[in-house]
């Protein structure tokens, strides 16, 4: 059976940002966003976030009791 995971907005004591609904994976942007406009910078951020989310392996990130809110 395939697990359906979703990208969520996560609010924790020491982290506010995007994470996985099925494990403790969190998105930490690895670089300063580049682009010629704010919209291009946001698209680049979202592309990086979505690529890292799609490629992460839930088994590598143990589940925690984090406060999660769906986006």
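Evaluated at q = 0.28 Å⁻¹, a Debye calculation over the C-alpha positions of the stretch 7-70 (equal weights, vacuum) places log10 I(q)/I(0) at -1.21.
Within 10 Å, count the other beta carbons around each residue, average over each peptide in 22-32, 53-63, and list them highest first.
Per-residue mean Cβ counts within 10 Å order the peptides as 22-32, 53-63.
Each of 49, 14 was scored by other Cβ atoms within 10 Å of its Cβ. Listed from fewest to most, they are 14, 49.
No value in this document is a laboratory result; all are computed from the given coordinates. Note that the structure is predicted; figures quoted are calculated from it, not measured. Here the Cβ is made from the backbone with ideal geometry for all residues, glycine too, and neighbour counts use every protein chain on show.
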